[in-house]
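In what follows, a single structure is set out as structure tokens and then discussed.
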Amino acid sequence: MMQPPRAEIDQVAEASIAALRAPSVFNTQPWRWRLAGEHGELWVDRSRQLAGLDPDGRLLLLSCGAALHHATVALLAAGYTSDVARLPDPNRPDLVARLGQGPACEPDDRLYRAIYQRRTDRRPFGDEPPPAAGLDELRAAAGRHTVHLHVVRPDQATEFAAAVAHAGAVEHDDPHYRDDVLAWTTRERQERDGVSARSVVPPTQRTIAPRDFALAWPAGLEPGPGTDRGTVYVVLATDGDEPQDWVAAGEALSDVWLTLTAQGLAASPISEVVEVAAVRHALRRLLGGVGNPAIAMRIGTPVGETGPVPASVRRSGTDVVGLP
Ligand SMILES: Cc1cc2nc3c(=O)[nH]c(=O)nc-3n(C[C@H](O)[C@H](O)[C@H](O)COP(=O)(O)O)c2cc1C
């Protein structure tokens, strides 16, 4: 017997569940879905904003953009295009997007499978650099969201490393920043959010160290034998520097990250460089006017023998998705 067609809202509901796995700053998962009529509404959850580190809500909206893109990837895997209205209501700026099911299309689950494989991998990567064709594909992934992916050139590497180190030093001395780190690395287990010691590596010899999360506990993830010699650093940059650009940058971050995961590469974001305004401006100059830096990433080949990073926790659908 033929199955009756699934209600459109069922597809969007399933997509909102897949979007639980989206990356977010400090694993704050700062969004909420409201399923209404034939659409799902994606809302910012301001109670999860990082007051010290992200007072403007840049990384908040980047995180929501990543969740939105994850949802569209799930719709595509089910054989539907997405009908998206971004920041559709100027009177309700916390409504990030209205997502509906668009016309049917050829199902494509390449990025959908990557949703469940993707991790923030803070370990040093291998000596083998990502292939040029792979980087072209990442540039195209960012470009789909009108975001530029700038690969830091060898002659810019020292200045880029200095920018990351300077941002880290400024934040290290900022009590508001430290409060954010402490709050989101000591969450109660049942909250199912925040960053845990299991996904953080202790310091090793490397030019660019990932953010130091280990204020409340010792890091618990083995760094392995990687050297970061083949690691490339990229900056995602937007033409404007407004909330809609931050949402687009989040969508691009998700698209780039899922694409590189499908290629067998690994990555971790470096957002310190945009959190400290002076460093963000310096980075903008370093990039020679390709746009406003929204976030940076390190991308490389995982070292074979180290195995995958453990999956980080997520809130449940019943906490994040409101049924009609
Ligand atoms: C906007 C944004 C900024 C982030 N900034 C950093 C960062 O500066 N350093 C870092 O190690 N991870 C960063 N992350 C990664 C998150 O900590 C990570 O996504 C979250 O803890 C969930 O873990 P998972 O990505 O392994 O699922 C960032 C993620 C997003 C979306």
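The values are calculated or read from the model by the stated rules, or taken from the named source; none is laboratory data. Since the structure is predicted, the reported quantities are computational estimates derived from the model, not experimental observations. Cβ: placed from backbone, ideal geometry, glycine included. Neighbour counts: every protein chain shown.
The figures follow:
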read-out	value
Selected residue (only one of Ala294, Ala249, Ala237 is touching a strand residue (DSSP E or B) at 6+ places or on another chain (Cβ under 6 Å), small (Gly, Ala, Ser) and within 28 Å of Ala36 (Cβ to Cβ))	Ala249
Residue match in the stretch 309-321 (condition: over 25 Å from Gly168 (Cα atoms), part of a loop (DSSP other than H, G, I, E, B), away from the ligand (no atom under 14 Å from the Cβ) and not assigned by TED's automatic domain parsing to the domain that holds Arg192)	yes
Pair list, Cβ under 6 Å, 6 or more apart: the stretch 165-193 residue touching a residue at least 12 places away in the same chain (Cβ under 8 Å) and assigned by TED's automatic domain parsing to the domain that holds Ala282, other residue among the aromatic types (Phe, Trp, Tyr) and part of a helix (DSSP H, G or I)	Glu171/Tyr177; Trp184/Phe26
Looking only at the stretch 51-70, and only at residues there that are hydrophobic (A, V, I, L, M, F, W, C) and near the ligand (Cβ under 10 Å from one of its atoms), the one that is nearest to Phe213 (Cα to Cα)	Leu53
Condition met for Ala209 (at pLDDT 95 or above and among the small types (Gly, Ala, Ser))	no
The stretch 227-245, residues that are over 27 Å from Thr204 (Cα atoms) and either among the hydroxyl-bearing types (Ser, Thr, Tyr) or assigned to a helix (DSSP H, G or I) (or both)	Thr238, Pro243, Gln244, Asp245
Test: residue in the stretch 75-97 that is closer than 26 Å to Arg187 by Cβ, out of contact with any Phe, Trp or Tyr (no Cβ under 9 Å at 6 or more places or on another chain) and within 15 Å of the ligand (Cβ to nearest atom)	no
Qualifying residue in the stretch 32-44 (condition: in contact with a helix residue (DSSP H, G or I) (Cβ under 9 Å, 6 or more places away or on another chain) and within 16 Å of the ligand (Cβ to nearest atom))	yes
Set Ala248, Ala278: member being part of a helix (DSSP H, G or I), out of contact with any helix residue (DSSP H, G or I) (no Cβ under 7 Å at 6 or more places or on another chain) and aliphatic (A, V, I, L, M)	Ala278
Residue tally, condition within 11 Å of the ligand (Cβ to nearest atom) and touching a Phe, Trp or Tyr at 6+ places or on another chain (Cβ under 7 Å), over the stretch 196-207	1
When residues of the stretch 178-195 are limited to those that are in a helix (DSSP H, G or I) and more than 14 Å from the ligand (Cβ to nearest atom), the one surrounded by the fewest Cβ atoms within 10 Å (Cβ to Cβ)	Gln190
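Quick grid of which residues meet (1) surrounded by fewer than 23 Cβ atoms within 10 Å (Cβ to Cβ); (2) under 17 Å from the mean Cα position of the chain (by Cα):
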{"residue": "Arg48", "(1), (2)": "yes, yes"}
{"residue": "Leu53", "(1), (2)": "no, yes"}
{"residue": "Leu60", "(1), (2)": "no, yes"}
{"residue": "Ser63", "(1), (2)": "no, yes"}
{"residue": "Ala74", "(1), (2)": "no, yes"}
{"residue": "Ala85", "(1), (2)": "yes, no"}
{"residue": "Arg98", "(1), (2)": "yes, no"}
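For every residue, the table says whether it meets (1) within 16 Å of the ligand (Cβ to nearest atom); (2) surrounded by 16 or more Cβ atoms within 10 Å (Cβ to Cβ).
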residue: Tyr112; (1), (2): yes, yes
residue: Gly126; (1), (2): no, yes
residue: Thr146; (1), (2): no, no
residue: Asp155; (1), (2): no, no
residue: Ala161; (1), (2): yes, yes
